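Some notes on the structure that comes next.
Read the figures in this text as sums done on the coordinates, not as results from a lab. Because the structure is predicted, anything quoted here is derived from the model rather than measured. Cβ sites come from the backbone with ideal geometry, for glycine too, and all protein chains shown count toward neighbours.
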Amino acid sequence: MIRLHRWLVTFVAIAFVAACSGNPPPAAGPDPTPFPGTPAAPPATPPPPPSRPPEPPRVPVEPSITADPLATMTPEEINQNSPLLPVFFLYDSDQLDDAARQVLSDNAKVLSRYASWVITIEGHCDERGTPEYNLALGDRRALAAKNFLLSLGVQADRIRTVSYGKEFPFDPGHDETAWSRNRRSHFMVVSK
């Protein structure tokens, strides 16, 4: 114990002499190795990562307004509100007038857009005339519409014709207004 005391006194004396001699204290060096059993200092924590700017709010996606409802409809559903319009004829005629050609041109555009559709053109007549005559006239009306569509580039294998004569009137009336509505070629989508 005396030795330790002497050693301590000597150490304090040397430190005192060094401090009084005007020399600067030694620079701090690396941390001394800790004594065994001494807990190590915790490692320095790294700085936090830079924060991200906040994300803009998400805007809900609206359903597409360009979706084509006709693409998912069955032929029966299409025919309930068909984009294919009928063409009308004068009394006892199968000639296409300007209005009928315009409707057929519009129908050809629809058929071009829906190239898989197969249609039937129904020829109809008013109630006047014999059943045989009206069946023949209805057939000529359906063929007139078909031939015009063919001239516009619609493929023949997509068009069928049938004549109903006066059997299925659109308007059940018995006057010129009803008759003019019944003299027509009507378009039905039969497959897609």
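Under 20 Å from a label point set 7 Å out along the Cα-to-Cβ vector of residue 105, the amide N atoms of the stretch 151-173 belong to 151-155.
Straight-distance candidates among the aspartates and glutamates for linking to residue 166, with alpha-carbon spacing under 17 Å and chain neighbours fewer than 8 residues away dropped: 92, 94, 122, 126, 127, 132, 139, 175, 176. One decimal place: the segment residue 70-residue 178 gains 35.8 nm when fully extended, by the rule 0.36 nm per residue minus the C-alpha distance. Ignoring lysines fewer than eight residues from residue 109 along the same chain, the ones with Cα atoms less than 26 angstrom from its Cα are 146, 192.
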